[in-house]
1. Please pick out the residue among A:Ser77, A:Ser129, A:Ser141 that is in a strand (DSSP E or B), open to solvent by less than 50 Å² (accessible area, probe 1.4 Å) and closer than 30 Å to A:Ile189 by Cβ.
2. Is it the case that the range A:101-108 has a residue that's modelled with pLDDT of 95 or more and under 21 Å from A:Val148 (Cβ atoms)?
3. Just give me the residues in the range A:59-74 being out of contact with any Ser or Thr (no Cβ under 6 Å at 6 or more places or on another chain), surrounded by 14 or more Cβ atoms within 10 Å (Cβ to Cβ) and farther than 19 Å from A:Ile110 by Cβ, in sequence order.
4. Any chance the range A:490-497 includes a residue that's open to solvent by 30 Å² or more (accessible area, probe 1.4 Å), modelled with pLDDT of 95 or more and assigned by TED's automatic domain parsing to the domain that holds A:Ala192?
5. Out of the residues in the range A:419-438 that are in contact (Cβ under 8 Å) with a residue 60 or more places away in the chain and surrounded by fewer than 17 Cβ atoms within 10 Å (Cβ to Cβ), state the one that is farthest from RNA strand B (Cβ to nearest atom).
6. Residue check: is A:Lys196 part of a strand (DSSP E or B), open to solvent by 60 Å² or more (accessible area, probe 1.4 Å), of a type in the set (Lys, Arg) and touching a residue at least 40 places away in the same chain (Cβ under 8 Å)?
7. If a residue counts only when it is within 29 Å of the chain's Cα centre (by Cα) and closer than 20 Å to A:Val426 by Cβ, which helices (runs of 4 or more DSSP H) contained entirely in the range A:297-385 have at least 3 such residues?
8. Cβ-Cβ distance below 6 Å, separation of 6 or more or different chains: which pairs start in the range A:249-273 with a residue that is more than 25 Å from A:Asn437 (Cα to Cα) and touching a residue at least 40 places away in the same chain (Cβ under 8 Å) and end on one that is in a helix (DSSP H, G or I) and open to solvent by less than 70 Å² (accessible area, probe 1.4 Å)?
Amino acid sequence: MNNEQTDQVKRRLEELEELKSLGVNPYPHKFDVTHNSAQIISGFKDPADESEAEKQKQNIVSAAGRISAIRKMGKASFSHIKDQEGKIQFYIKKDEVGEDTYRIFKLLDIGDIIGVKGYVFRTKTGEVSIHCTGLTVLTKSIQPLPVVKEEITETGEKIIHDAFADVELRYRQRYIDLIVNDNVKDTFIKRAAIIKSIKNTLDKHNFFEVETPTLQSIYGGANARPFVTKHNALGIDLYLRISNELYLKRLIVGGFNRVYEFVKDFRNEGIDRTHNPEFTQVEWYQAYGDYFDSMNLFEEAVEQAAIDALGTTKINYQGTDIDLKRPWKRLKMTDAIKEKTGLDVINMKRAEIAEYMQKNEIEFDKRISGNKGLLIASLFEATCEEDLIQPTFVIDHPIDTTPLCKPMREYSLSQIDEMKKDPEQVIFVERFEPYINKWELGNSYTELNDPILQRKLLEEQVERGRGGEAETHPMDEDFLNAIEIGMPPTTGVGMGIDRLVMLLTNSYSIRDVLLFPLMKPLDS
RNA sequence: GGGGAUGUAGCUCAGGGGUAGAGCAAUUGCCUUUUAAGCAAUGGGUCGGAGGUUCGAUUCCUCCCAUCCUCACCA
């Protein structure tokens, strides 16, 4: 905070001193609230006659909140206070509250937090308000707040004047954003409802909530660069988790049949509209199930979250209508490519696919040109993702895209060994990625539990890492040991919560669904 | 990391080679049912930071910082 005081801050400090000199404690310890703004408004009934009106005056409510507007008119004033539920107007008259209280009222500013006692009435212009009989200063604010004004037009349209709109200030000082911009709070209320709903769905299906380490000595379960930190006493490097997958699988090995965990994952990568270095995922694992079970549960969880948070499965994201109603479309990755490009990639040679991509100016990492599976995956991303607006499970990926997923059930084990020797053959795995609005919303497998194949695939990945392919994770011997002990047939899911919340709240940027998105620190 | 845009009063913005302007907010006065309250007056700015060009820079140039958009990266 800079130490230079603006005239407005100086003035507020003077008012603070004046309040003290009047014997007012500007920071008292407690205030008894009997009603919030919404309760006051919904609980008011217009009196039928004079005597009923008189009776209502005996009914004193007490509310508390932050002053959001003041309209002073000499010896009487109107003001709004804002609490978590909304706004309530109060009317204060010098004759009624007395000289001292009115003087205190005049020392208040927008942003101060006060308690108001009084009876409820309806003003001439029709607004249910508190007729103030007592006023308590609860917190004097010494920094000015942006003043946002609302205008309700004759057609009932709401116009916001001078909104606090600078996104940088909004993210850096989210507390101001929350005070001043009503729709912001709404986004986070919905976020909480979405998470609660998903937990309810998982609980309903007898999943068990667990907690696994954030600090890991070996990171894994995804392809991403980690954040590195140091443990001083142990003298070792630790990594902030990029995924909790390998730990949840250990729990399946340990005999928990259905587990889930909501976690922050940390990935040391670029930041953009759909990526923040720390983000929230829920992962769940279900023993004795396959990826079809996961698809069913995934679409159920999302559909139910939409109903619980919004009351509908029909959403509009930035102008696009999307319906989250079950069942969702299921589309094999190779069929998606065929539909879009007409290519039958399974029967094409690696060189032919690469040639097609070059001819059509589809960029790909030259290091994968010898890997047919990765070529197919790149071709899919470049050509098909843009069409995946309505909820779609893209299923059955090339094995090269992940070492943790089980090959499709139609292959025999000897067939897999045979196919692996031929670089023009692609093994497909039982994987799906749910797409909505072109975004991957998650990832799921029929989990690989064959310890021999698991070790082989992880070793291949480590080797490729040495060859310079982008990101791979180090070998986790303890995880392999767990798989060797034996993991039952299992399916698992990761679901990106932030992107789901973006969709359901029509938020343009991931930063709009994170209370405190990462910002570069400002110098001094 | 590449490209583009932005940064002026507490907030939202306009302006432009001769050290700045509006609305809201603030201060003072009037005002006892207002609601973007009203009327009148007043104060408030190192024009993101550092250099350079110039008699003179907030304006032009370079660099830096921050933010947004976009591409790359991140399956």
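The values are calculated or read from the model by the stated rules, or taken from the named source; none is laboratory data. This structure is a prediction, so every number in the text was calculated from the model and none was measured. No Cβ is skipped: glycine too gets one built from the backbone with ideal geometry, and neighbour counts run over all protein chains shown. With ligands, DNA and RNA removed, areas are computed over all heavy atoms of the protein, side chains included. Shrake-Rupley method; radii C 1.70, N 1.55, O 1.52, S 1.80 Å.
1. A:Ser129
2. yes
3. A:Ile60
4. Scanning the range A:490-497 turns up no residue that is open to solvent by 30 Å² or more (accessible area, probe 1.4 Å), modelled with pLDDT of 95 or more and assigned by TED's automatic domain parsing to the domain that holds A:Ala192.
5. A:Glu424
6. no
7. Of the helices (runs of 4 or more DSSP H) lying wholly inside the range A:297-385, those with at least 3 residues that are within 29 Å of the chain's Cα centre (by Cα) and closer than 20 Å to A:Val426 by Cβ span A:372-383.
8. A:Arg250/A:Ala482; A:Val253/A:Ala482; A:Val259/A:Leu248; A:Val259/A:Leu251; A:Tyr260/A:Leu202
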